[in-house]
1. Which number in (1) open to solvent by 50 Å² or more (accessible area, probe 1.4 Å); (2) of a type outside the set (D, E, K, R); (3) under 15 Å from the mean Cα position of the chain (by Cα) marks the one condition that V66 misses?
2. Report, ordered by the first and then the second residue, all pairs with beta carbons closer than 6 Å, sequence separation of six or more or different chains, a first member in the range 1-13 that is surrounded by fewer than 13 Cβ atoms within 10 Å (Cβ to Cβ), and a second member that is acidic (D, E).
3. I'm told I78 meets every condition in (1) among the hydrophobic types (A, V, I, L, M, F, W, C); (2) at pLDDT 95 or above; (3) open to solvent by less than 50 Å² (accessible area, probe 1.4 Å) except one. Can you identify the failing condition by its number?
4. Looking for whichever is of a type in the set (D, E) and under 14 Å from I4 (Cα atoms) here; the options are D32, D50, D83. Which one fits?
5. Report whether or not E67 is out of contact with any Lys or Arg (no Cβ under 6 Å at 6 or more places or on another chain) and free of Cβ contacts under 8 Å to residues at least 24 places away in the same chain.
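The values are calculated or read from the model by the stated rules, or taken from the named source; none is laboratory data. Worth saying up front: this structure is predicted, and the values here are computed from it rather than measured. Counting neighbours? That spans all protein chains shown, and the Cβs are built from the backbone with ideal geometry, glycine included. Protein only, heavy atoms only, side chains kept; ligands, DNA and RNA dropped before computing areas. Shrake-Rupley method; radii C 1.70, N 1.55, O 1.52, S 1.80 Å.
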Amino acid sequence: MARIAGVNIPTNKRVVIALQYIHGIGPKSAEDIVAKVGIEAPRRVNQLTDAEILQIRETIDRDFTVEGDLRRETAVNIKRLMDLACYRGLRHRKGLPVRGQRTHTNARTRKGPAKPIAGKKK
């Protein structure tokens, strides 16, 4: 089991796919890391040597913001918007969609499960 950036990545998956288990690394970033380290695409994590894992770990630490740091940075950005009391901050504070989606119907992901209103019938 390889441990990179505090995450146990799956051993029997391809390296490009396994790297995406790290928060902050998507498909493009994973491909860039693999290309930079010089690992060919079909290799699996369990076929990597300790030196290659170390190279991957160093590349991620040097070039990317991942896991706890990224989550903290995102939380600070949202908190800043809420403290400013700008429109986006107010939407975050109320738990409503932030990016202009409709809320008359839908928006259940942000608003949570529907709450019944007493005495309302159609």
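1. Exception for V66: condition (1).
2. Within 6 Å, the pairs are G6/E67.
3. Answer for I78: the failing condition is (3).
4. After ruling out the rest, the residue left standing is D50.
5. The answer is no for E67.
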